[in-house]
Amino acid sequence: MKSGPKRKCILLIDQQPYWRQFSTSTLKSVGFLVCTLDTYNYVLPQDCLHGQSPDMVVLGCAQVGPNERKLISQILDHKHHLLVLSAYLPLQVMHSLFLQGIVDIAEKPDDPISLVNMVNQALSSTAPRNSYQAVERYGVAWINNNAF
């Protein structure tokens, strides 16, 4: 018998202490499990999350430069869902990141409601809509281990 719904786990990466603390406290206040990193050096999310894989990685950055691009590629190479929140968003950069496979990109929000809405919307877009999509995306074992 399964217990209640599993709390969603977010890995939050941001070098700006204020925004990292704001995001962490906001997401925890609505029930997310949150782990934070303050570096763009890639770390397996499971190492930070005590063996648990994140439901979403949220990268907060001032702009998407070479260091951010390298980190984004590493995150996507490991098949993690990625939401990028940036202070500076040129259209060409946004387009190239969508082509790489990020879930969403938006301006960094400065209010809690917007942040929660962005994360929830990004998470909902990653959920399979039917059993065929679930098997295609995650395999049969995922369906057996998750309420669908």
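The values are calculated or read from the model by the stated rules, or taken from the named source; none is laboratory data. Quantities reported herein were computed from a predicted structural model and do not represent experimental measurements. Please note: Cβ atoms are built from the backbone with ideal geometry, for glycine as well, and neighbour counts cover all protein chains shown.
Can you confirm whether the stretch 63-77 contains a residue that is among the small types (Gly, Ala, Ser), on the phi < 0 side of the Ramachandran plot and at pLDDT 95 or above?
No, every residue in the stretch 63-77 fails to be among the small types (Gly, Ala, Ser), on the phi < 0 side of the Ramachandran plot and at pLDDT 95 or above.
Among residues belonging to the stretch 81-124 that are surrounded by fewer than 20 Cβ atoms within 10 Å (Cβ to Cβ) and touching a residue at least 60 places away in the same chain (Cβ under 8 Å), point out the one that is farthest from Leu59 (Cα to Cα).
Pro112
Among the residues of the stretch 91-113, are any of a type in the set (Gly, Ala, Ser) and more than 19 Å from Ser23 (Cβ to Cβ)?
yes
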